[in-house]
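I am attaching a structure below and will ask some questions about it afterwards.
The values are calculated or read from the model by the stated rules, or taken from the named source; none is laboratory data. Because the structure is a prediction, the values reported are computed rather than measured. No Cβ is skipped: glycine too gets one built from the backbone with ideal geometry, and neighbour counts run over all protein chains shown.
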Amino acid sequence: NCQAIHRTLAEAGLWMRVQHGHLVICDGYDHNQTPVRADSVWSLLTLDNVNQLDGGWQPVPTDIFLQVTPTERFRGRRMESCPATDKEWHRMRTGTGPQGAIKRELFSDKESLWGYSISHCSPQIEEMITQGEFTWQRCHELFAQQGLMLQKQHHGLVVVDAFNHEQTPVKASSIHPDLTLGRAEPQAGPFVSAPADLFDRVQPESRYNPELAVSDRYGVSSKRDP
């Protein structure tokens, strides 16, 4: 709900309000810092979307920084230089996802593997499931197009960087809540591993780059090399 968003932002020393019909994010320490449009920081963070949450839009509590002790604060010159990505929205809705991801991206301006996976794959997975077209083959091909692989690990599923095995895998259920064996197998059948020739058949359109700045995604010339 909206209060969960307020609390997560407060952990990073930030707060959110409505200005001229749009959500803006403000620096909780420096009131002279110019607020930034929330949807420029995080494309799904719009007033319309927040109003669809349980309870809709709710103003930030006046004592938010007494309720939540910030663990970090913005120290740059302009807030615009350190945007977050699209995906923390998913954690707000589902309660899952790596803790602190929004803060890491706000302050380091580096996209996480989780954030990359959310923004590049989550909407397509949702569409496949909604249309009743989810299969393990389609799922593997979708991830492969983004340079990722879905794998079974222990008793669950993880998403890995297909080209850099040093990257820590991400729980698949943090990318989409239905990407668990318990939820997916009744629809798609027993899990089938990605075929060995997957990348011979599927040419990646994009690859995760841990050094890519989150803000590059919003630039006119932003591009990922496949």
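Restricting the search to the stretch 4-33, which residues are modelled with pLDDT of 85 or more, more than 25 Å from residue 119 (Cα to Cα) and charged (D, E, K, R)?
27
Does residue 127 satisfy being modelled with pLDDT of 85 or more, part of a loop (DSSP other than H, G, I, E, B) and of a type in the set (Asp, Glu)? Break it down into steps so the answer makes sense when it comes.
Numbers: modelled with pLDDT of 85 or more: yes; part of a loop (DSSP other than H, G, I, E, B): no; of a type in the set (Asp, Glu): yes.
No; evaluated as a whole, the condition is false for this residue.
While we're on this one: Go through the stretch 34-69 residue by residue and tally those that are modelled with pLDDT under 80, part of a loop (DSSP other than H, G, I, E, B) and under 15 Å from residue 15 (Cβ atoms).
Of the residues in that region, 1 qualify.
Would you point out the residue of the stretch 193-208, among those that are exposed (fewer than 15 other Cβ atoms within 10 Å of the Cβ) and in contact with a helix residue (DSSP H, G or I) (Cβ under 9 Å, 6 or more places away or on another chain), that is nearest to residue 156 (Cα to Cα)?
Taking the stretch 193-208 first, the residues exposed (fewer than 15 other Cβ atoms within 10 Å of the Cβ) are 193, 195-197, 200-201, 203, 205.
With the extra rule that they be in contact with a helix residue (DSSP H, G or I) (Cβ under 9 Å, 6 or more places away or on another chain), the set shrinks to 193, 195, 201, 203, 205.
On the way: 193: 13, 195: 19, 201: 26, 203: 27, 205: 27 Å.
Restricting to residues being exposed (fewer than 15 other Cβ atoms within 10 Å of the Cβ) and in contact with a helix residue (DSSP H, G or I) (Cβ under 9 Å, 6 or more places away or on another chain), the top hit is 193.
Find the residue count for the stretch 115-135, including only residues that are in contact with an Asp or Glu (Cβ under 9 Å, 6 or more places away or on another chain) and surrounded by fewer than 18 Cβ atoms within 10 Å (Cβ to Cβ).
3
If you go through the stretch 165-172 one residue at a time, do you hit one that is among the small types (Gly, Ala, Ser) and either within 17 Å of the chain's Cα centre (by Cα) or modelled with pLDDT under 90 (or both)? Steps first, answer last, please.
Narrowing the stretch 165-172 to residues among the small types (Gly, Ala, Ser): 172.
Now drop any that are not either within 17 Å of the chain's Cα centre (by Cα) or modelled with pLDDT under 90 (or both), which leaves 172.
Checked against the condition, which is being among the small types (Gly, Ala, Ser) and either within 17 Å of the chain's Cα centre (by Cα) or modelled with pLDDT under 90 (or both), the stretch 165-172 yields at least one hit.
Let me ask another. Could you list, ordered by first residue, the pairs with Cβ atoms under 6 Å in which the first is in the stretch 157-172 and closer than 15 Å to residue 140 by Cα and in the same structural domain as residue 119 (by TED's automatic domain parsing) and the second is in a loop (DSSP other than H, G, I, E, B) and aromatic (Phe, Trp, Tyr), at least 6 apart or interchain?
Note: pairs meeting the criteria are 161/208.
If residue 192 satisfies every condition in (1) in a loop (DSSP other than H, G, I, E, B); (2) at pLDDT below 95 but one, which is the exception?
(2)
Quickly run through the stretch 12-40 and pick out the residues that are buried (at least 18 other Cβ atoms within 10 Å of the Cβ), under 26 Å from residue 120 (Cβ atoms) and touching a residue at least 60 places away in the same chain (Cβ under 8 Å).
12, 14
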